[in-house]
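Novice: Have a look at this one.
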């Protein structure tokens, strides 16, 4: 029950910090945050093709950033999915950020897109969904994700991807958006993703005291983490009510998908963190998937805390997490 030594060695950069928003109001605060995330460590991102586009959506254009194969790079590789479709796998990916912060430049989006595309040989489409700010609430971010999904399906061949092997995924609240979109597709009778690929997803409205067959959810992080890396019941409620635009009782299953029936969802890969107050959500979701006989792969990243994929891939722990996600993407088969 110890922190990964590389992560622990970066905590001193935020000594005395109570919250990240408060830090960012201080002179040099952004530089301290980047140092905490490993920005001073030597790292060179993989060389992959990158394109910036805007795709149409019901709320206006949605920015996306596409990593990986381009048509001019040559013909797509043959699919190993047994369908004869041809093309690589693709992943439509959403970053985290409490529904209210984050963008396509954060490591959980840009670094991840580059690394997963390079490691898997697939295509990663990172989505700049609208944040729950200035009167924006559900279903706007949800609809932005669906717009990016439909565009990726329509243009899969242009991207060098197999349209039957497109996955949906995200980190933290991005995982919430991915599962909510998958539920919508299933309910609408539309082709679901080939796989859900999730990193420390936040899918439920409350922090339970314990999980089935698991110790109390916060036991591993007690006393190890500073306040700005912890989540309380109030934090979770405020985050979700801001996203929903009202009390939790108003939320549909697309907004709080952990409470929905998971039967019929596609195969799923879930990465969770040992020292994470929100770990309960990933593990409860995995329990529900397995009870519904959904093929599920689960990895608990020992020594990690929530959001660690926002750290530099110079860290071995981050590279291991990215390798897990890339392998799960690469192995995706057409949904049956």
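The values are calculated or read from the model by the stated rules, or taken from the named source; none is laboratory data. Small disclaimer: the values here were computed from a predicted structure and weren't measured. A quick note on method: Cβ atoms are made from the backbone with ideal geometry, for glycine too, and the neighbour counts reach across all protein chains shown.
Novice: Return the residues of the stretch 118-144 that are in a helix (DSSP H, G or I), in contact with a strand residue (DSSP E or B) (Cβ under 7 Å, 6 or more places away or on another chain) and buried (at least 24 other Cβ atoms within 10 Å of the Cβ); say none if nothing qualifies. Step through it out loud before you land on a result.
Specialist: So the first thing to find is which residues in the stretch 118-144 are in a helix (DSSP H, G or I), and the list is 118-120, 140-144.
If we keep only those that are in contact with a strand residue (DSSP E or B) (Cβ under 7 Å, 6 or more places away or on another chain) as well, we get 120, 143-144.
Across the stretch 118-144, the qualifying residues are 120, 144.
Novice: Run down 169, 174 and say which single residue is assigned to a helix (DSSP H, G or I), touching a residue at least 60 places away in the same chain (Cβ under 8 Å) and under 30 Å from residue 247 (Cβ atoms). Can you show your working first?
Specialist: Details: 169 fails: assigned to a helix (DSSP H, G or I).
That would be 174, the only listed residue that is assigned to a helix (DSSP H, G or I), touching a residue at least 60 places away in the same chain (Cβ under 8 Å) and under 30 Å from residue 247 (Cβ atoms).
Novice: Please determine, by comparing only the residues of the stretch 293-310 that are within 19 Å of residue 224 (Cβ to Cβ) and free of Cβ contacts under 8 Å to residues at least 40 places away in the same chain, which one is surrounded by the fewest Cβ atoms within 10 Å (Cβ to Cβ).
Specialist: It comes out as 300.
Novice: I'd like to check something: does the stretch 298-307 contain any residue that is part of a loop (DSSP other than H, G, I, E, B) and closer than 24 Å to residue 35 by Cα? Before you say what the answer is, go through the steps one by one.
Specialist: Of the residues in the stretch 298-307, the ones part of a loop (DSSP other than H, G, I, E, B) are 306-307.
Of the ones still in play, those that are also closer than 24 Å to residue 35 by Cα are 306-307.
Scanning the stretch 298-307, I find at least one residue that is part of a loop (DSSP other than H, G, I, E, B) and closer than 24 Å to residue 35 by Cα, so the answer is yes.
Novice: I'd like the residue in the stretch 182-208 that is in contact (Cβ under 8 Å) with a residue 60 or more places away in the chain and over 23 Å from residue 307 (Cβ atoms) and, out of all such residues, is surrounded by the fewest Cβ atoms within 10 Å (Cβ to Cβ).
Specialist: From the stretch 182-208, those in contact (Cβ under 8 Å) with a residue 60 or more places away in the chain are 182-184, 186, 191-204, 207-208; that's our starting set.
Narrowing further to those that are over 23 Å from residue 307 (Cβ atoms): 183-184, 186, 191-194.
Details: 183: 20, 184: 21, 186: 19, 191: 16, 192: 20, 193: 28, 194: 26.
Filtering first and then ranking leaves 191.
Results for (1) over 23 Å from residue 144 (Cα atoms); (2) at pLDDT below 95; (3) crowded, with 23+ Cβ neighbours inside 10 Å; (4) in contact with a strand residue (DSSP E or B) (Cβ under 8 Å, 6 or more places away or on another chain), shown as yes or no for each residue.
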position	(1), (2), (3), (4)
226	yes, yes, no, no
232	yes, yes, no, no
247	no, yes, no, no
312	yes, no, no, no
316	yes, no, no, no
322	yes, no, no, no
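Novice: Is one or more of the residues making up the stretch 199-210 within 24 Å of residue 323 (Cα to Cα), modelled with pLDDT of 90 or more and not in a loop (DSSP other than H, G, I, E, B)? Spell out the reasoning first.
Specialist: So in the stretch 199-210, the residues within 24 Å of residue 323 (Cα to Cα) come out as 199-203.
Remaining after also requiring modelled with pLDDT of 90 or more: 199-203.
Subset that is not in a loop (DSSP other than H, G, I, E, B): 199.
Yes, the stretch 199-210 has at least one match.
Novice: Could you tell me how many of the residues in the stretch 312-336 are under 14 Å from the mean Cα position of the chain (by Cα) and farther than 13 Å from residue 115 by Cα?
Specialist: 1
Novice: If you go through the stretch 182-198, how many residues are in contact with a strand residue (DSSP E or B) (Cβ under 6 Å, 6 or more places away or on another chain) and assigned to a helix (DSSP H, G or I)? I'd like the intermediate steps shown before the answer.
Specialist: Step one: of the stretch 182-198, the residues in contact with a strand residue (DSSP E or B) (Cβ under 6 Å, 6 or more places away or on another chain) are 182, 193-198.
Imposing the further condition that a residue be assigned to a helix (DSSP H, G or I) reduces the set to 182.
The total comes to 1.
Novice: Being within 22 Å of residue 205 (Cα to Cα), touching a helix residue (DSSP H, G or I) at 6+ places or on another chain (Cβ under 7 Å), assigned to a helix (DSSP H, G or I) and in contact (Cβ under 8 Å) with a residue 12 or more places away in the chain narrows it down to one of 323, 253, 281, so name that one. Break it down stepwise before answering.
Specialist: Values: 323 fails: within 22 Å of residue 205 (Cα to Cα); 253 fails: assigned to a helix (DSSP H, G or I).
Checking each option against the conditions leaves just 281.
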